[in-house]
Amino acid sequence: MTTTRPWTLLGLVAIAAAAGAAIGFAGSPAFAAQGYATPGQIGLPAPATEVAREINQFYDFVNIIIIAITLFVLGLMIYVMVRFRESKNPVPSKTTHNTLLEVAWTVVPILILVAIAIPSFKLLMLQYTYPKPDVTIKAIGNAWFWEHEYPGTTPEDKTFTVTSNMLSDEEVAEKVKSGIPTPRLLAVDNEILVPVNKVVHMLVTSNDVIHNWTIQPFGSKIDAVPGRLTATWFRPEYEGVFYGQCSELCGMNHAFMPIAVRVVKQETYDQWTAAMKAGDRKKAKEITDRVALDHAGIKSVADAAEQQR
Ligand SMILES: [Cu+2]
């Protein structure tokens, strides 16, 4: 039976905590386009909702525990290998039981699990307690693209559907040329709009196989199951475009069915939905294009061309 000096353990925990904190501090929303990895990024994408923020904090918290345990075990192993190597310790001890140690290595892991379980259940409660919605949208997974239906409530208040397909590399290059940051494999032809700081319920289903509706900066990830309706909710706290991908292996073009949600001012959202309900897709597209330029910090396409020079 050996004793680890307490300062050794404290030192290991301090190193682990510092590493965890460094992970936690990485990534505040510098640019409005979120949901994909950026150069030099450590950790998860910047959160845009309370749920995502809580997920990121929980991720960092668990990471600190993992790092601390790993370093502690590594430290013990190195200590044992050096201290009890054959040349220094030719006659090994025959000790088999140590009550205090056995109680400790049972109780400590239990305490660690309880410490993880409490914030974990709190997070699940937050994710699955749906606040009263301001906007309800139905996402429909298809092999291999997404449709989003904005259901109307009266004959005048018409239902409309937005069909989103991934942009080709040529289309992405064209957009980038016009000054709008456009990520490959994530940008779509028709983005869906939601108002900022409003509760959105996303009802999710599928037309064919199981897909998954995911926007990581929203903390939303839910299976799209044919013949069933699942739901996720989010309340984005700032404007911008948020990308996600189908996250359930669904077939050949699984990697090519991204989701793009643009979070805009209520006023812009109202104009866009009015245009969509009136069947004026041209006007709706103009609104989307204008807000995309605005989010990219560009006043007009002419300005963007100027910036390129
Ligand atoms: Cu899919």
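Quick rundown of the values:
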| read-out | value |
| --- | --- |
| DSSP-defined antiparallel bridges as percent of all bridges, the range 135-308, nearest 5 | 70 percent |
| Two-decimal ratio, the range 184-255, of alpha-carbon radius of gyration to 2.2 N^0.38 Å | 1.13 |
| Global geometry of the range 135-308, whether rounded, prolate or oblate, following the gyration tensor of its Cα atoms and the 1.5 cut on a/c | oblate |
| Karplus (6.51, -1.76, 1.60) ³J(HN,Hα), θ = phi - 60°, over the range 140-147, in Hz, Gly and Pro reported as x | 10, x, 9, 7, 9, 7, 10, 10 |
| Cα-derived Rg to Rh of the range 37-155, Kirkwood definition | 1.24 |
| Residue 79/residue 105 FRET efficiency (R0 25 Å; Cβ-Cβ; nearest 0.05) | 0.95 |
| Percent RCO, i.e. relative contact order, over the range 59-216, from Cα pairs under 8 Å lying at least 6 residues apart | 22 percent |
| For the chain, average projected area of the Cα convex hull in nm² | 23.0 nm² |
| Rounded to 5, percent antiparallel among DSSP beta bridges of the chain | 65 percent |
| Relative contact order computed over the chain (Cα-Cα under 8 Å; 6+ residues apart), in percent | 18 percent |
| 160, 145, 121 arranged by Cβ crowding within 10 Å, fewest neighbours leading | 121, 160, 145 |
| Of 64, 298, 118, the one that fluctuates the most in a GNM where the chain has Cα springs shorter than 10 Å | 118 |
| Exposure proxy ranking, count of Cβ atoms within 10 Å, fewest first, for 87, 168, 220 | 87, 168, 220 |
| When each of 138/265; 177/282; 198/265; 138/198; 138/283; 132/198 is checked by Cα-Cα distance, pairs over 18 Å | 138/265; 177/282; 138/283 |
| Most mobile listed residue (49, 129, 106) in the chain, GNM with C-alpha springs under 10 Å | 106 |
| Between 0 and 90°, nearest 10: helix 50-83 axis offset from the chain longest Cα axis | 30 degrees |
| For the chain, built as a Gaussian network whose Cα springs stay under 10 Å, the top-fluctuating residue of 63, 190, 98 | 98 |
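Computed from the coordinates by the stated procedures, all read-outs in this text should not be read as laboratory data. A quick note: this is a predicted structure, and the numbers were derived from the prediction, not measured. Here the Cβ is made from the backbone with ideal geometry for all residues, glycine too, and neighbour counts use every protein chain on show.
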